[in-house]
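The values are calculated or read from the model by the stated rules, or taken from the named source; none is laboratory data. In this text the structure is predicted, and so the values were computed from the model without any measurement. FYI the Cβ positions are ideal-geometry reconstructions off the backbone, even for glycines, and counts take in every protein chain you see.
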Amino acid sequence: MGSTINWTYFLTMKTALIILIGVLLFSCKKGEITVINLNNNHIELMGHGGMGYSNLYPTNTAESILKCLGKGADGSEIDIQLTADNQLVAFHNATLNENTNFTGKIRDYSWNQLKDVRYTSTAQLNYKLMNLSEFLSSLDGIENYTFTLDIKLNKGAEETTEYIDDFTDALDEIYSAFPIENSVFIESQNEYFLQEMQSKNAQIKLYIYPQKFESGLSIAMNLGLHGISISNDRINTVQVNLAHSMNLFVTVWGVNNRSSNIDAVQKNPDMIQTDAVNHLVRYLKNN
């Protein structure tokens, strides 16, 4: 006959072991982040178009961005397009067809024609397109926040060079109107756009937005850019360190849940654009 198991003792020891493991894991978690980057060893927490996807607010609306700032984020990424009368408008998609009550491209219309366009992809239909200049004018303490303008080049019938000339002029005017040279960055996939922007205002901090880290590093070095903005799954810790060794800042995006937040933080980038704002605010605060 086998020995009798003391289940009370067994369960007590099992509970104690679980508690001990939890304490050890919590202790490790509290001390596991040692940020070393070019941004004064601080990771800038950026919302993706505000609070990100899967949120009540449509991305790139003033409501989403203000909510993001109110949650404790340092700032937000904002997708920017150009209207027919050279106003800068926050919008992601190539056309208005999919999630608004309008059709066509932003470039097809003046701001006056677009100012009452409403999103249709949410339960609440009272959200409108955001004019960048109007938003910055309404923001108290603009110098306290960081924004990255993700340039969406969706031109109309004109030549690309003409369109980019209009776009960079409009951005240069924004930088002249507001004290934002140290807090509002620009990222683009287009080398020509970045060169044109550079020629008009060399003080603006510009980022290349590459498909591969190696090509981004090469372009950033050749053009003398401020940094690289790249999907989190296309860069590793070694590559972040390599960019830093060349004095290039690194922004990672495509960060949309808790696990990818943690993965991104552990690579020590200078900025993270996240869809999971609430979690990343808590995670960085608690570590």
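Data for the structure
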read-out: Hits in the range 138-173 - residues which are polar (S, T, N, Q), under 24 Å from MET46 (Cα atoms) and touching a residue at least 40 places away in the same chain (Cβ under 8 Å); value: SER138, THR146, THR148
read-out: Members of the range 67-90 found to be assigned to a loop (DSSP other than H, G, I, E, B) and under 14 Å from the mean Cα position of the chain (by Cα), listed by number; value: ALA73, ASP74
read-out: Options ASP270, ASP233: the member that is touching a Leu at 6+ places or on another chain (Cβ under 6 Å), among the acidic types (Asp, Glu) and closer than 20 Å to THR148 by Cα; value: ASP270
read-out: Pair list, Cβ < 6 Å and 6+ apart or interchain, from the range 254-283 residues that are closer than 16 Å to SER231 by Cα and in contact (Cβ under 8 Å) with a residue 12 or more places away in the chain to residues that are assigned to a loop (DSSP other than H, G, I, E, B) and of a type in the set (Ser, Thr, Tyr); value: ASP275/TYR53
read-out: Residue among ASN278, ASN286, ASN257, ASN236 that is modelled with pLDDT under 95 and over 24 Å from LEU88 (Cβ atoms); value: ASN286
read-out: Given (1) among the polar types (S, T, N, Q); (2) over 14 Å from the mean Cα position of the chain (by Cα); (3) closer than 23 Å to TYR53 by Cα, index of the condition ASN256 fails; value: (2)
read-out: Subset of the range 79-96 [surrounded by 16 or more Cβ atoms within 10 Å (Cβ to Cβ) and either at pLDDT below 95 or closer than 24 Å to LEU56 by Cβ (or both)]; value: ASP79, ILE80, GLN81, VAL89, ALA90, PHE91, HIS92, ASN93, LEU96
read-out: Meets criteria (surrounded by fewer than 20 Cβ atoms within 10 Å (Cβ to Cβ) and assigned to a loop (DSSP other than H, G, I, E, B)) for THR59; value: no
read-out: Some residue of the range 150-165 being of a type outside the set (Lys, Arg) and under 20 Å from MET51 (Cα atoms); value: yes
read-out: Residue ranges of helices (runs of 4 or more DSSP H) in the range 174-251 with at least 1 members in contact (Cβ under 8 Å) with a residue 60 or more places away in the chain and either at negative phi or touching a helix residue (DSSP H, G or I) at 6+ places or on another chain (Cβ under 6 Å) (or both); value: 237-245
read-out: Residue check for GLN81: farther than 24 Å from GLY254 by Cβ and touching a residue at least 12 places away in the same chain (Cβ under 8 Å); value: no
read-out: Residue list for the range 62-78, restricted to those being closer than 21 Å to ASP172 by Cα, in contact with a helix residue (DSSP H, G or I) (Cβ under 9 Å, 6 or more places away or on another chain) and surrounded by 24 or more Cβ atoms within 10 Å (Cβ to Cβ); value: SER76, ILE78
read-out: Qualifying residue in the range 134-152 (condition: touching a strand residue (DSSP E or B) at 6+ places or on another chain (Cβ under 8 Å) and at pLDDT below 95); value: no
read-out: Extreme residue, nearest to the chain's Cα centre (by Cα), among residues of the range 159-173 that are among the β-branched types (Val, Ile, Thr) and surrounded by 19 or more Cβ atoms within 10 Å (Cβ to Cβ); value: THR168
read-out: Candidate set from the range 97-113 (those that are farther than 11 Å from ASP85 by Cα and not hydroxyl-bearing (Ser, Thr, Tyr)); member that is modelled with the lowest pLDDT; value: GLU98
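Condition check ((1) of a type in the set (S, T, N, Q); (2) surrounded by fewer than 18 Cβ atoms within 10 Å (Cβ to Cβ)) across all residues:
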| position | (1), (2) |
| --- | --- |
| LYS155 | no, yes |
| PHE178 | no, yes |
| PHE193 | no, no |
| ASN201 | yes, yes |
| LYS205 | no, yes |
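Table: residues versus (1) aliphatic (A, V, I, L, M); (2) in contact with a strand residue (DSSP E or B) (Cβ under 7 Å, 6 or more places away or on another chain); (3) farther than 20 Å from GLN273 by Cα.
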| site | (1), (2), (3) |
| --- | --- |
| SER199 | no, no, yes |
| GLY216 | no, yes, no |
| MET221 | yes, no, yes |
| VAL240 | yes, yes, no |
